[in-house]
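Read the structure below first, then the notes.
The values are calculated or read from the model by the stated rules, or taken from the named source; none is laboratory data. Here the structure is a predicted model, which means the values were calculated and not measured. Cβ coordinates were reconstructed from backbone atoms using ideal geometry, including for glycine residues, and neighbour counts include every protein chain displayed. Protein only, heavy atoms only, side chains kept; ligands, DNA and RNA dropped before computing areas. Shrake-Rupley method; radii C 1.70, N 1.55, O 1.52, S 1.80 Å.
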Amino acid sequence: MKPPANVSALTAAIRSGDRATLARAITLIESKRADHRKTAHLLVQELLPATGKAVRLGITGAPGAGKSTTIDTLGTYLTAQGHKVAVLAVDPSSSRTGGSILGDKTRMAQLAVDPNAFIRPSPSSGTLGGVAAKTRETMLLCEAAGYDVLIVETVGVGQSETTVADMTDFFLVLMVAGAGDELQGIKKGIVELADMIAVNKADGDNIGRATMAAADYRGALHILAPRSPTWSPPVLTYSALTGNGIDKLWAQVLDHKEKMTASGELAARRREQQVKWMWTMLEERLTARLRSDPTVRAKVRQAETAVAAGRLAPTIAVEEIAQLLGV
């Protein structure tokens, strides 16, 4: 079936690398209007053949680890090598606080004015699943527009790390030395997701502390099973401020891609991610139905009241609501 003229025009402009059209298309994807959503879905489908070639890098880090400065330095290093870099954020708190990406944008001073870089915040969807679904679509649009390195930053907490790891090829955990007991500042769950740990601020008087912290993290990684039989997560030190070690950091990302591609694990991981994306969107659609259908919404409110008062068991309430949805 031939796509509508407006979708064809958007597709052509995005594939030509038009930044203004890319920004408008992402706004279309983030819209909750039914007509916009339909157009967005057609657009993503049309652009799908032009995607899949970019390096998808997820980055998280403890507060003060220097995520913004690292992304700015790494992104500038990559654009100088001829890459086009898109920076996206996953922030489940964005609907409540406005997120931090706009503040981050001011800290990414070099990338913010780089014609070969594109920085975009996550939509304020209010739920992590909604944010993740829109971020995945945004990633595809950026790939189709010619951005060959996608950096997805998690600026939220908890489950957002898992979400970003589930939509990227390489998950980088940033840490900082000299802030007390380093191992207390890193959660086991995040370490298990890491494809690499990088200790920032290895400069000046802090080099020794960064080196010691890296040794501690290596010890911690040895007692955990790696995500992949092909890849043992390395621990590096670097300085986002001076740029020292940024080239080695990127070399590890490329080495990982080469090994995972050769073993077939990269393709398998991306297939799993596509299926997870489908389920995320399906769950979002069902949740939207709960909130938009007047009959269902009224029943949900009644059920909430009855459950809170102890008159109705949660299991029975779920059954009654599910029947209304036909599931």
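Across all directions of projection, what mean area in square nanometres is found for the Cα convex hull of the chain? Don't skip to the answer; put the middle values down first.
Values: hull surface 78.6 nm².
Over all viewing directions, the chain projects a mean Cα-hull area of 19.7 nm².
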With every protein chain present, what accessible area does TRP231 have (1.4 Å probe, heavy atoms only), rounded to the nearest 10 Å²?
10
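Of the accessible area of the chain, with the probe set at 1.4 angstrom, what percent is carbon plus sulfur? If you can, show how the numbers build up before the last one.
Working: 8990 of 15840 Å².
Of all accessible area on the chain, carbon and sulfur atoms account for 57 percent.
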Amide H of MET175 versus every other amide H placed in the peptide plane: which residues, excluding those fewer than 5 positions away on the same chain, fall under 5 Å?
ALA198, VAL199, ASN200
Let me spell out the model: positive unit charges on the Cβ of Lys and Arg, negative unit charges on the Cβ of Asp and Glu, origin at the Cα centre of the chain. What dipole size does that give, in debye rounded to 20?
980
What does the charge count around LEU78 come to, taking other residues whose C-beta lies under 13 Å from its C-beta (Lys +1, Arg +1, Asp -1, Glu -1)?
-3
For HIS36, tell me the accessible area in Å² from a 1.4 Å probe, rounded to the nearest 10.
50
Amide H of LEU312 versus every other amide H placed in the peptide plane: which residues, excluding those fewer than 5 positions away on the same chain, fall under 5 Å?
VAL307
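Hey, got the dipole for the range 20-65? About the Cα centre, +1 on K and R Cβ, -1 on D and E Cβ, debye to the nearest 20? Numbers along the way, then the final one.
Numbers: 7 positive and 3 negative charges, 12 e Å.
Approximately 60 debye in magnitude.
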Two-decimal Rg/Rh across the range 239-292, once Rg and the Kirkwood Rh are taken from alpha-carbon atoms
1.31
Checking the table LYS84/LYS257; LYS67/LYS134; LYS67/LYS259; LYS84/LYS201; LYS248/LYS276 against a 29 Å threshold on Cα-Cα, which pairs fail?
LYS248/LYS276
Unit charges at the beta carbon, dipole of the chain: most positive-side option, ALA50, ASN206, SER31:
SER31
Using amide H atoms built in the peptide plane, which far-off residues or other-chain residues are under 5 Å from VAL87 H to H?
PHE118, ILE119, ARG120, ILE151
If you count only protein heavy atoms and use a 1.4 Å probe, how large is the accessible surface of SER292, to the nearest 10 Å²?
80
